[in-house]
Structures are given as C-alpha cells and as structure tokens.
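For reference, the structure discussed in these notes is given below.
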Amino acid sequence: MTDNIKKDAATRMGKSIEALRHELAKIRTGRAHPNLLDHVTVDYYGTETPIGQVANIAIEDARTLTVTPWDKSMVGKIEKAILTSDLGLNPVTMGTVMRVPMPPLTEERRRDLVKVVRHEAENAKVAIRNIRRDANNDLKNRLKDKAISEDDERRGQEEIQKLTDKYIAEVDKVLAEKEKELMEV
C-alpha cells in the first residue's frame, strides 16, 4: 500500500528536478548551447513552431551557435524570432546559415542571473515539499480508513522524508552547478 504512494512521490519529485533543469537551460550563461533556443518559436506556415523543428542548431565554437534552416524561405523569420526573443541575441546571416554569437555577460548581469537561478531552485524545492505533503496526507487518509497500521504510516512518512531530503539535495546540486557556470568568465 505505502509503496504506491512512495513510487508516486518519487516520480513526481523526479519530474520537478527535470522541470528545474529545463528552466535553467533557458538561462544564458555566455557559452553557446543548442538548448538556449528551445523556447524560441517561429511562424512556420501559420503554426508557432520551435526553431529546433525547422532548423538545425549546432555549436560552432564556445561562444557561437549556427542555425541552418531546412527551408530557405525561413531564414528571415528565424532571424527575426531570435532577435525579438528575450535572450538579447543578435544573429548574423550569411546566405542560408545564421551565426548567433553569445555576447559576454557583465558581472552585474551574472549576479542578476544567479538571483533568477536561485528563485527557480526555490520553486523546485517548494514543489517537492508540496509532493511530500500530498504523500503524507495520503498516508493519513489510509490510516483513517484503517487500510494501514500506525506503524506503517510512521514508516511511510519517514521514507517520504528521506525521499524529500534526497531530491532537495539534488536541487541544491543542480543550483550549485548552474551558479558555477554563470560565474565563470
């Protein structure tokens, strides 16, 4: 009985970590990374489509991305989408290939980005704690319905707390990696 609750909590906590990693991938560090353009969409025959689905995104060097559209008519639209995105990038078009140089980050901008990263990590921790609360409530309801004993409930709560501690430590680890990446010059 308690195994189902524990598995569900572990799955949901794992998804919280993945969501955090996805959000942090959007934050620009000054280094080129293809995932940087994941959330930028372009109008592709009347449908808003992620750039990764209409073009090949590759890393040219540590500070430059190349974007090669599969359809030559998309060059202007992709260029405009990158320009108008919230990333502050300025693509340079050469024929059908776009080079997107990553401008270096200022110290002040890096500190602002660290604050954003910490906020995202705190949101992930809150989500994990909410999952813990839901799992503990499920255990209490099962105890009230006499589906499990008090010992099973206590053991289940201890296991869920261990899971929570493990996933919060994972959030801290992901946060530390991203902060280190942001503060590298």
Worksheet, complete the sentence: In order over the stretch 75-90: 3J(HN,Hα) from phi, Karplus 6.51/-1.76/1.60, θ = phi - 60°, whole Hz, x for each Gly or Pro, gives 3, x, 5, 5, 4, 5, 5, 5, 4, 7, 5, 7, 8, x, 9, 10
Worksheet entry | Euclidean distance of C-alpha centroids, the stretch 162-178 and the stretch 61-124, integer Å | 28
Worksheet item: List the lysines whose alpha-carbon lies under 26 Å from that of LYS146, not counting same-chain residues fewer than 8 positions away?
Response: LYS6, LYS7, LYS162
Item to complete: Pull out the extension gain between LYS72 and ALA19, defined as 0.36 nm times the separation in residues minus the alpha carbon to alpha carbon distance; nm, one decimal.
Response: 15.7 nm
Practice prompt. With springs only between Cα atoms under 10 Å apart, run a GNM on the chain and tell me which of ASP151, ASP165, ASP138 wobbles the most.
Written response: ASP151
Worksheet entry | Additional length obtainable on full extension of the chain from THR47 to MET183, 0.36 nm per residue less Cα span | 45.2 nm
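Run the numbers for GLU158 and THR93: contour at 0.36 nm per residue of separation, minus the present Cα-Cα distance, in nm.
On the way: separation 65, 0.36 × 65 = 23.40 nm, distance 5.75 nm.
Going from the current span to full extension adds 17.7 nm.
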Worksheet entry | Test item: Cα-centred dipole of the stretch 34-101, Lys/Arg +1 and Asp/Glu -1 on Cβ, debye | 180
Item to complete: Report, by chain and number, residues whose modeled amide H sits under 5 Å from the one on ALA55, excluding near sequence neighbours (fewer than 5 apart, same chain).
Response: TRP70
Worksheet item: Considering the dipole of the stretch 1-81 built from charges on the beta carbon (Lys and Arg +1, Asp and Glu -1) around the Cα centre, which of ALA81, ILE57, ASN35 is farthest to its positive end?
Response: ASN35
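Going by the alpha-carbon gyration tensor, a ≥ b ≥ c the square roots of its eigenvalues, is the stretch 1-99 rounded (a/c under 1.5) or, if a/c is not under 1.5, prolate (a/b greater than b/c) versus oblate? Provide the component values of the computation, followed by the final result.
Working: a/c = 3.19, a/b = 2.14, b/c = 1.49.
In terms of gyration-tensor shape, prolate.
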Fill in: Positive dipole terminus of the stretch 84-129, leading residue within MET102, VAL92, VAL126 (C-beta point charges)
VAL126
Practice prompt. Counting only C-alpha contacts under 8 Å and six or more residues apart, can you give the relative contact order of the stretch 1-95 as a whole percent?
Written response: 19
Item to complete: Treat each spin label as a single point 7 Å out from the Cα along the C-beta direction, and report the ASP86 to ASP165 distance in nm.
Response: 3.7
Discussion item. Between (1) -0.49, -1.19, -1.26, -1.33; (2) -0.43, -1.25, -1.36, -1.46; (3) -0.56, -1.07, -1.14, -1.20, which entry matches log10 I(q)/I(0) by the Debye sum over Cα atoms at q = 0.10, 0.18, 0.19, 0.20 Å⁻¹ as derived from the coordinates of this structure?
Written reply: (3)
Worksheet item: If you place +1 on the Cβ of every Lys and Arg and -1 on the Cβ of every Asp and Glu, how big does the dipole about the Cα centre of the chain come out, in debye to the nearest 20?
Response: 160
Worksheet item: In deg cm²/dmol, rounded to 500, what helix-only [θ] at 222 nm does the chain give when every DSSP H run of at least 4 residues adds -39500 (n - 2.57) and the total is split over its residues?
Response: -20500 deg cm²/dmol
Worksheet item: How high is the FRET efficiency between ALA176 and ARG129 when r is their beta carbon distance and R₀ equals 25 Å, given to the nearest 0.05?
Response: 0.80
Worksheet item: Once both labels are modelled 7 Å past Cα along the beta-carbon direction, what's the ARG63-ASP8 spacing in nm?
Response: 5.2
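Values in this text are rule-based calculations from the coordinates and carry no lab data. Note that this is a predicted model, so its numbers are computed, not measured. A quick note on method: Cβ atoms are made from the backbone with ideal geometry, for glycine too, and the neighbour counts reach across all protein chains shown.
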